[in-house]
1. Using the crude model of +1 on Lys and Arg Cβ and -1 on Asp and Glu Cβ, and no other charge, please compute the dipole size for the chain relative to its Cα centre, in debye to 20.
2. With the calculation restricted to Cα positions, what are the radius of gyration and Dmax of the chain in angstrom?
3. Say the dipole of the chain comes from +1 at the beta carbon of Lys and Arg and -1 at that of Asp and Glu; which of I62, P83, G48 then lies farthest toward its positive end?
4. Under 10 Å, Cα contacts only: if you run a Gaussian network model on the chain, which one of D90, D18, D27 comes out with the highest mean-square fluctuation?
5. With respect to the cross-link table entries K45/K86; K65/K86; K45/K65; K4/K45; K31/K86; K4/K67, which display a Cα-Cα separation exceeding 22 Å?
6. Go ahead and estimate [θ] at 222 nm for the chain from helices alone: -39,500 (n - 2.57) per DSSP H run with n ≥ 4, summed, over the residue count, rounded to 500.
7. Return the sequence-ordered ³J(HN,Hα) values of the range 10-23 in whole Hz as given by the Karplus equation 6.51 cos²θ - 1.76 cosθ + 1.60 applied to θ = phi - 60°, using x for Gly and Pro.
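What follows is calculated from the coordinates using simple rules that are stated; it is not laboratory data. Bear in mind that the values here come from a model prediction, so they are computed numbers and not experimental data. Methodologically, a virtual Cβ is constructed for each residue, glycine included, from the backbone with ideal geometry; neighbour enumeration extends over all protein chains shown.
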Amino acid sequence: METKIVADNTKGQVLAYDGEEQVGLLDFTFKGQVMSINHTEAFKKGMGIGALLVEAANEYAINHKLKVLPICSYAFTWYQRHPQYKDILDEHAGEGVSCQL
C-alpha cells in the first residue's frame, strides 16, 4: 500500500492506495504551526489502512515541524498507542475528539 499527501496552506489530505484503487483518506487542516487531523476513513476494513494514514500524517508533521491536534478519535487513539510521539502533540490534544473510523 502507498500513501500520497496533497496539501495547501490551509488544509490537506493523505490518500491511501492499494495499486490503483483508493482505499482510504485522512483530512487535516492547518492553523499556524498546528496540524489538526479531522477525519480518518478506511474504505476497506482490517487492512491497517487507518494506521497507515495516521503514520503518513505524523511523518508529514515531523518533517514540517508542526504540532498535531488529533480531533479524529481514531487518530487520537493512535497517538495514545504511540507515546513516543507525545512531544509533537498540541497542548489541546484530546479536546473535542469526534470522528470514528
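1. Magnitude of the dipole: close to 200 debye.
2. For the chain, the Cα-based Rg and Dmax read 12.4, 38 Å.
3. About the Cα centre, the residue reaching furthest to the positive side is P83.
4. D18
5. From K45/K86; K65/K86; K45/K65; K4/K45; K31/K86; K4/K67, over 22 Å: K45/K86; K45/K65.
6. Estimated from H runs of four or more residues: -7500 deg cm²/dmol.
7. The phi angles translate into 10, 7, x, 9, 10, 10, 10, 10, 10, x, 8, 8, 6, 10 Hz.
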